[in-house]
């Protein structure tokens with residue numbers, strides 16, 4: 001099937017990309033992180049709610065604040081990563097709807113005072129933005145190591161205290177060490193998980 005983008009780009013974004021577990025000692029410039037967000041922000045979210053909030057940990061001191069909240073299996077690779085991104089969801093995203101969804105000035109009422117609707121929308125759309133984040137990073141030549149395996153309450157207290165943001169997941173960023181990449185793990189074939197009705 002013909003693609004709207006070159007096959008090499010699809011390889012970079014999907015087929016050849018791997019979750020990284022080791023990193024080369026090569027910094028990621030601020031300009032790259034800005035360019036990364038400037039791609040991510042264009043991905044669609046429900047009613048343009050954009051709940052994702054980001055903290056980019058680039059210094060040893062910032063990563064040390066994260067250390068006590070990491071599982072043992074994620075500790076070494078995270079401390080070695082040039083950048084650790086904390087992707088959080090702003091649970092007060094609806095406060096911004098008058099600006100972000102201006103053609104419907106009643107949109108805030110869809111969520112205000114409705115914690116279940118807030119939690120569902122924030123997780124769904126923040127995770128959607130997390131997917132855009134990984135693809136945008138790969139498109140800019142970065143490798144990614146997204147992960148769970150951390151104490152979310154501890155990360156929230158260390159990095160989001162005094163805000164309505166709750167941590168969704170972590171993602172190490174940089175240039176991966178090819179010697180530490182696992183081989184391609186299995187994927188389900190179409191007929192096992194898809195149905196055309």
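Bear in mind that the values in this text are calculations on the coordinates, not laboratory data. Quick caveat, the model's predicted, so the values are computed rather than measured. Note that each Cβ is placed from the backbone with ideal geometry, even for glycine, and that neighbours are counted across all protein chains shown.
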Original post:
Over the chain, what is the relative contact order in whole percent, taking alpha-carbon pairs under 8 Å and six or more residues apart?
Top reply: 34 percent
Original post:
At 222 nm, what helix-only mean residue ellipticity would the chain give, in deg cm²/dmol to the nearest 500, using -39500 (n - 2.57) for each DSSP H run of four or more?
Top reply: -10500 deg cm²/dmol
Subject >> Values of log10 I(q)/I(0), in the order q = 0.10, 0.18, 0.19 Å⁻¹, for the range 1-94 under a Debye, Cα-only, solvent-free model >> reply: -0.39, -1.10, -1.16
Subject >> Cα-based equivalent ellipsoid, the range 95-197: semi-axes from gyration tensor eigenvalues, Å >> reply: 32, 22, 15
**OP:** Just rank 165, 181, 155, fewest to most, by other beta-carbon atoms within 10 angstrom.
**Re:** 181, 155, 165
Original post:
the range 114-171 to the range 29-73: how many Å between their Cα centroids?
Top reply: 8 Å
Original post:
Quick one: what do you get for the range 7-176 if you divide its Cα Rg by 2.2 N^0.38 Å?
Top reply: 1.07
Original post:
Using a Förster distance of 22 Å, how high is the FRET efficiency between residue 153 and residue 67, based on the Cβ-Cβ distance and rounded to 0.05?
Top reply: 0.90
